[in-house]
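The values are calculated or read from the model by the stated rules, or taken from the named source; none is laboratory data. These numbers come from a predicted model, not from an experiment. All Cβ positions, glycine included, derive from the backbone under ideal geometry; neighbour counts span all protein chains shown. For accessibility, only protein heavy atoms count, side chains too; no ligands or nucleic acids. Shrake-Rupley method; radii C 1.70, N 1.55, O 1.52, S 1.80 Å.
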Amino acid sequence: MQNHFTRRDFLKASLITGSAAVIGSPFYLLERNAYAAKEEFEGPLPNIEVGGIIRPPGALPEKEFRAKCISCGVCVNVCHTMKYDAIAVAGIKDIRNFGTPYIKDMRDFPCELCMECPKHCPTDALKNLKKEKVTMGMALIDFGLCFGWNGDVCLSCSKACPMGANIFDFYNGEWGNQPYINENCVGCGLCVKYCPLGGSAIKVITERQYEKVKTPYVDEFKRLLAMSNEERYNIVYGQNLPQIMAKGRLVEREYR
Amino acid sequence: MSYELKDKETLNSELRTPNSLLKLSNLRRFVMFSVLIFFLLQFFRVKALVGGLSGSLARWFVKLIDVFAYFESLAASKDFTTTTLIAVVPIIGIYLIFGRAFCGWVCPMDFLFEIVDGFKNWSKVKVKASPKIGYGIAAGLLVVSGLLGIPFFTNYISHLTNFFRFITGGVFLALNLPFEPSVLVYSGGVIVFLLVFEYIFPRTWCRVLCPVGKTYGLFNKVSLLKLKYYPGECGECNLCDRLCYMNVKIARHIDQPGLRDINCIYCGRCAEGCETKGKLVKLSLK
Ligand code: SF4
Ligand code: SF4
Ligand code: SF4
Ligand code: SF4
């Protein structure tokens, strides 16, 4: 029965390929997942929403992006091939964005700004541009959680940031080295990953959301800098440090 | 002249030909699996073929986009870009040569459908819906994409997008990488739905509905690859017609030099089935 060989042969071939993949994947897994154990803390700035989804770098404005992206998965797998794995495919909850790429987990898989995905998007939904010009979002430091704002010294986020001195301003003083992220931030999320505080002290929100929360956030920043020592003491020792202690310092995350 | 109706076993044994190594059905499965394996290599971080059959990146260099996906993206964005045009040109080039061979030689659904078809008594299948309906559907989908501002078919319904999205989701789940479980469920669901649909209405998806196939079907009208008839005496066994699951009427055009049917996917079953041992019907590039 020659004709039956065809199908059986190919089924066999696919079985062999399949089992090879199954057997091979544990070894492949060993290569990654330095932070496999996920943190259970509530993230920083719980009162500020992300305000939508964070796109890969070079994304067109939302409406145009949705119109062009065909959910082909090139960006997702380009990022996977680069070993960064930053891009996930959006789920069905947000039906308009279903199937389109976004950066899901900046704590463990931020965008490393290799700029390969915008270079290779076949529809130009992601447009190739210089990494300094990227506008994925805006990173905000939670002043109540950051070590640098609560009497300690920590430079991890600024060292991790690919834009470095362009973006980080420091207000050194008695209460720490007080980092502040200015509006040049491109929103890649590397600082989120390397913040040693359990659950991170930095949150990346969309540019649109930033416009909304900008005033209260900047006011809070100015208020802290202008505050008397006594008031600040109460905030740091009364409110902040207990929370910070609970979340702990994950030294292995610190950027060196 | 009448012919006796043969059952499936007899039909299948008619396909036995001595030179089995070069049989088209083997060759086209080889092509399909090769493409699939190149795509699977991306999960091992090999930069061979990245993406899926809706859009991909070959050798980290050549961008490719499916022709219908191209039109949908264009309809939704109403914005022309050279990047996308450059990505669709190689695909148009390939199918100007091979016509709708995409469906028979590359599309993974053809393989899955063939497995489902195996559970069905093919000789009892009745064909009703006209393949022309598909062009209306394709045009409708372009209008919907334009109105919604989202490539509607390609993003939500496409068997190609969902097939590759499902695999990507599965791999990311297994490797503990960022992914959304609902993507896996939705895309897997679409594929399962299509397989069930295939069981109830065999090849109706391919023959009537699928806009990707319809688009490549248009290429059949001008492609180099076509069905060609060779002189000889037709046994009027009608095996060619009955082996063709795309319902192309081959035998009745036998007095013509060739056939360019929008539904022909160049699987070669008619040529293999021809009682005169592949002499009367052939796939031809000339
Ligand atoms: S590569 Fe472009 S078209 Fe494809 S999924 Fe990513 S953004 Fe969308
Ligand atoms: S720029 Fe690189 S790291 Fe960032 S999302 Fe794109 S491929 Fe991933
Ligand atoms: S501040 Fe953080 S999110 Fe902004 S560019 Fe630097 S590392 Fe990226
Ligand atoms: S890494 Fe975290 S704790 Fe350290 S300075 Fe930056 S935000 Fe503060």
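If I take R0 = 25 Å and measure r between the Cβ atoms of residue A:50 and residue A:170 in this structure, what FRET efficiency does the formula 1/(1 + (r/R0)^6) give, to the nearest 0.05?
For residue A:50 and residue A:170, the calculated efficiency is 0.45.
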| What residues of the stretch A:192-210 lie in the reach of a label at residue A:222, counting those whose backbone N is under 20 Å from a point 7 Å from the Cα along Cα→Cβ? | A:210
| request: Take peptide B:34-45, look around each residue's Cβ out to 10 angstrom, count Cβ atoms belonging to other protein chains, and average those counts. | output: 3
| said: Counting only Cα atoms, I'd like the Rg/Rh figure for the protein assembly as shown, Kirkwood definition for Rh. | reply: 1.10
| task | Provide, in order from the shortest bin, the percent of all Cα-Cα pairs of the stretch A:193-256 in each 10 Å bin, continuing until the bin that contains the maximum pair distance. | result | 18, 32, 42, 8
| Binned at 5 Å from 0, what are the whole-percent values of the Cα-Cα distance distribution for the stretch B:9-219, short to long? | 1, 6, 12, 17, 21, 17, 13, 7, 4, 1, 0
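Whole number please: convex hull volume per residue of the Cα set in the stretch B:73-147, in Å³?
Spelled out: Cα convex hull of the stretch B:73-147, divided by residues, is 136 Å³.
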| task | Check each of the GluC sites (Glu not before Pro) in the stretch B:183-253 and keep only those in coil by DSSP with at most 11 other C-beta atoms within 10 angstrom; list them in order. | result | B:233
| request: Pairs of Cα atoms under 8 Å, at least six residues apart: use those to get the relative contact order of chain B, whole percent. | output: 23 percent
| task | Taking amide H positions as placed in the peptide plane 1.01 Å from N, state which residues far from residue B:60 in sequence (5 or more) or on other chains have amide H under 5 Å from it. | result | B:50
| request: Step through the residues of the stretch A:129-136 one at a time and calculate ³J(HN,Hα) from phi using the Karplus curve (6.51 cos²θ - 1.76 cosθ + 1.60, θ = phi - 60°), rounding each to whole Hz and writing x for Gly and Pro. | output: 7, 5, 5, 5, 8, 5, 9, 6
| query | Could you work out Rg/(2.2 N^0.38 Å) for the stretch B:146-259, with Rg from alpha carbons only? | reply | 1.49
| query | To the nearest 10 Å², what's residue A:102's accessible area with a 1.4 Å probe? | reply | 30 Å²
| Whose amide H sits under 5 Å from the amide H of residue B:55, counting only residues 5 or more places off or on another chain, with H placed in the peptide plane? | B:66
| For the stretch A:137-249, which semi-axes, largest first and in whole Å, follow from the square roots of 5 times the eigenvalues of its Cα gyration tensor? | 21, 16, 13
| field | Karplus 3J(HN,Hα) series, Hz, for the stretch B:78-94 with 6.51 cos²θ - 1.76 cosθ + 1.60 (x for Gly, Pro) | value | 6, 9, 8, 10, 5, 3, 5, 4, 4, 6, 8, 4, x, 5, 4, x, 4
| To one decimal place, what Kirkwood hydrodynamic radius in Å is obtained for the stretch A:54-136 from all pairs of distinct Cα atoms? | 12.5 Å
| query | What is the ratio of the Cα radius of gyration of chain A to 2.2 N^0.38 Å, where N is its residue count, to two decimals? | reply | 1.22
